[in-house]
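This report concerns only the one structure given below.
The values are calculated or read from the model by the stated rules, or taken from the named source; none is laboratory data. Just so we're clear, the structure is a prediction, and the values are computed from it rather than from any experiment. Neighbour counts are summed over all protein chains in view; Cβ atoms, including those assigned to glycine, are modelled from backbone coordinates with ideal geometry.
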Amino acid sequence: MKIEMDRKKAIRALTTSENASSTKQGKSRIRGRSRQAVQNELKSILADTETLTETLISQLKELRSYGWNVGYL
């Protein structure tokens, strides 16, 4: 659930920056958020992504150890 929320935050940040170039209202919203705040948010998302990747790799290793993730030839 946290990953989904972080994903939505990242999409919102990207969407806001895209809209900023086309509307004045978007520009004022971007100015309301500091660059540092956006960078911290993206760092948090990246850390969560790294944690998820490590978890998935661990699960794949476990599946391989049981022979469940072996392709059929």
Is it fair to say Glu41 is modelled with pLDDT of 90 or more and within 22 Å of the chain's Cα centre (by Cα)? yes
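Looking at the range 16-24, can you tell me whether even one residue there is at pLDDT 80 or above, out of contact with any strand residue (DSSP E or B) (no Cβ under 8 Å at 6 or more places or on another chain), loosely packed, with under 14 Cβ neighbours inside 10 Å and charged (D, E, K, R)?
Checking the range 16-24: not a single residue is at pLDDT 80 or above, out of contact with any strand residue (DSSP E or B) (no Cβ under 8 Å at 6 or more places or on another chain), loosely packed, with under 14 Cβ neighbours inside 10 Å and charged (D, E, K, R).
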Just to be sure I understand, how many residues within the range 26-38 are at pLDDT below 70 and either surrounded by 10 or more Cβ atoms within 10 Å (Cβ to Cβ) or in contact with a Lys or Arg (Cβ under 7 Å, 6 or more places away or on another chain) (or both)? 5
